[in-house]
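Before any comments, here is the structure.
The values are calculated or read from the model by the stated rules, or taken from the named source; none is laboratory data. Predicted, not measured: the structure shown is a model, and the values here were computed from it. Positions of Cβ are generated from backbone atoms using ideal geometry, with glycine treated the same way; all protein chains shown enter the neighbour counts.
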Amino acid sequence: MTPPNLAMNAVSTVRDLRAQVAEWKAEGLRVALVPTMGALHEGHLALVQQVMDVADRVVVSIFVNPAQFAAGEDFDSYPRTLEDDAAKLASTGPHLIYAPTARDMYPDGFVTEVRLGGPAEGLESEARPHFFHGVALVVSKLFNQVRPDVAVFGEKDYQQLMVIRRLVIDLDLDVEILAGETAREADGLARSSRNAYLNAEDRRRAGALNVILKDFGADLRSGMPASEAEASAVARARDAFDGVDYVTVRHAETLAKLGDGPVSDPARVLAAVKVGTTRLIDNIAV
Ligand code: PAF
């Protein structure tokens, strides 16, 4: 079945998807997957462009995954803009949209779960304990459905990227994972589909998050003890925003906590804050 009125090729069933990918593979073409939940912005389009350089054919999946939302989160109000998304993608040039329904993805009787540890622990999982289990489940299914040679995930969701890298290693999944640089607005705010929830005043305040993270990173690079640099960044975030889930420094790959002294391991500073009712996340390399 083809979703109607879209500006480019699209399929919604695993059967149609597999038929198309099988044709490409039979021709010896390299296939990339860009998994998304739609409401596409320049960050997503940059991910598509990135994989167009390393693959012959690109599939963009668009699926608002119920398994990664808890009751009371924004699953119902999450923007669903399939026609606009297809129009944006048509100008960027991927070859297929895969837009399954929730019923196709999770038919009656579906019970399987993916259990995670390591990089999935802490940070986002404190506020959203269900989140990475739902992400890992849908990404595992997408990998099995598309069978891509390569897939790209944005660094904006850095913990997600580390969880997927671990999943691919642990389950011997035959797919190369690329990291996509975070796309930012002029004031440094990381582009996100959820930025659409910010009113004008909250949008103005949101720009401070990237500034606080950059200063946090600079403090660490200057040799300031991690605990002192973190305390200063947390205090600034508390002043600037309406809630702070975390502002912290972690090992760049395992996301394990670091000691209190000067940072010597490859590290990443990460934050999640509330601006008005919108939760923003961001991170940068140290
Ligand atoms: O980052 C996202 O948009 C989602 O978590 C993903 C990877 C598409 C899985 O639903």
| note | Note: among 74, 53, just one is under 25 Å from residue 162 (Cβ atoms) and under 19 Å from the mean Cα position of the chain (by Cα), namely 74
| field | Hey, residue 68 within 16 Å of the ligand (Cβ to nearest atom), under 16 Å from the mean Cα position of the chain (by Cα) and closer than 22 Å to residue 168 by Cβ or not | value | yes
| note | Checking 285, 256, 231 in turn, the sole residue that is over 24 Å from the mean Cα position of the chain (by Cα) and exposed (fewer than 15 other Cβ atoms within 10 Å of the Cβ) turns out to be 231
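If a residue counts only when it is within 13 Å of the ligand (Cβ to nearest atom), which helices (runs of 4 or more DSSP H) contained entirely in region 146-229 have at least 3 such residues?
On the way: elements: 158-170, 200-206, 208-221.
So the answer is 158-170.
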| query | Regarding residue 75, is this residue surrounded by 18 or more Cβ atoms within 10 Å (Cβ to Cβ) and within 13 Å of the ligand (Cβ to nearest atom)? | reply | no
| field | Yes/no for residue 29 being part of a loop (DSSP other than H, G, I, E, B), within 21 Å of residue 150 (Cβ to Cβ) and at pLDDT 95 or above | value | yes
| Would region 131-143 turn up any residue that is away from the ligand (no atom under 13 Å from the Cβ) and either under 22 Å from residue 182 (Cβ atoms) or of a type in the set (Val, Ile, Thr) (or both)? | no
